[in-house]
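Right, one structure below, let's go through it.
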Amino acid sequence: MTGTRPGESRVTVAPAHWRDQPVVVRAPASSANLGPGFDALALALARHDVTVARVTRGGLDIQVTGEGSDSAGLGEAHLVVRAMRATFGRLGGQPPGIALRSRNTIPHGRGLGSSAAAIVTGVLAARGLVRGGAELLPDGEVLTLAADLEGHPDNVAACLAGSLTIAWTSGPAAGAGNTAATPSAAHLVRLPVLEQIHPVLCVPAEGLATATARGALPATVPHQDAAANSARSALLVAALTRDPTVLLDATVDFLHQEYRAGVLPHAADLLGRLRAAGVPAVLSGAGPSVLAFTVAGAGPGPDLVDSIAAETGTVWRISPLDVDRYGATLQTALPGERP
């Protein structure tokens, strides 16, 4: 067993602490930023990872099918396991053993919130396997713990709550001379997305590390760009929840997409072509996937997205999707149930 993380207990707790039955967690993909909503907005998408988790008499048993199947060999470094360990530590200690059976459909390294889904899965599964876990770790604390493990709250917020979310953290005011060790807490507001809006996902064959995409960003941006981006971010909330006719203008970004074009040339090419054809399109998270918005009965549809992608000379997997409107779910597994 690997060393413990700060604040993570490896004390094994008595069997009475654990639920007898396995739990099933279903966690959706998510697309963060959505253009101008940098590190704040995210949309849950109807593509899911499903995991059955249970407490065993000892050891660690991981089986993964689908996307990221090679991650089963990571052992304690597996992200679902790491999230479970951190959550168990908050809830009193570790079980004697853990077994996971996962069926994944969220591509890894494509800007679709696969790490957020894994973290949310681990936190919810661990909470569900502890008797009284929901009382010991309320929903608001679940978001903060998941955001802390992920490093930012946008994807985990959408994964947990579904639909469109605005996420932020609260803590000591920067520059206020406040040196108190007050931990920051994550918060979200969930907003319903109009039923006629349908995302179309464009996924490339090759992924890109988020750190690489982050590294392409400048330390500062012009004040006028920041002001313009604030306006478009506010407009985007209105477009997704009230008036889809302004989606093309609302998805204009001034903070990150242009700067990332150098490390995402194929995504930048597809974005330019789609937007020139009147299709509201954005990088999904840090890329390299592209997310386009279509509106039922109005404007360009999924077929146009597909044909434009085919013209780029790059292989794109095009998937019209629904918005996930429910977020991650947890239920007790039936006997012998597998994902």
Unique match (being assigned to a helix (DSSP H, G or I) and more than 17 Å from the chain's Cα centre (by Cα)) among Leu74, Leu60: Leu74
Scan segment 97-138 residue by residue and report those that are surrounded by fewer than 20 Cβ atoms within 10 Å (Cβ to Cβ) and either in contact with a strand residue (DSSP E or B) (Cβ under 6 Å, 6 or more places away or on another chain) or of a type in the set (A, V, I, L, M, F, W, C) (or both). Gly97, Ala99, Arg103, Thr105, Ala134, Leu136
Among the listed residues Leu240, Leu201, Leu236, Leu217, identify the single one that is farther than 26 Å from Thr87 by Cα, surrounded by fewer than 20 Cβ atoms within 10 Å (Cβ to Cβ) and either at pLDDT below 95 or not aromatic (Phe, Trp, Tyr) (or both). Leu217
Any chance Val252 is within 23 Å of the chain's Cα centre (by Cα) and under 21 Å from Gly313 (Cα atoms): no
If I ask for residues that are out of contact with any Leu (no Cβ under 7 Å at 6 or more places or on another chain) and farther than 21 Å from Glu206 by Cα, which ones from segment 296-323 would you list? Ala296, Gly297, Ala298, Gly299, Pro300, Gly301, Pro302, Asp303, Leu304, Asp322
In segment 184-194, is there at least one residue being among the basic types (Lys, Arg), surrounded by 17 or more Cβ atoms within 10 Å (Cβ to Cβ) and not in a loop (DSSP other than H, G, I, E, B)? yes
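The values are calculated or read from the model by the stated rules, or taken from the named source; none is laboratory data. Note that this is a predicted model, so its numbers are computed, not measured. In this analysis, Cβ positions are derived from the backbone assuming ideal geometry, glycine residues included, and neighbour counts consider all displayed protein chains.
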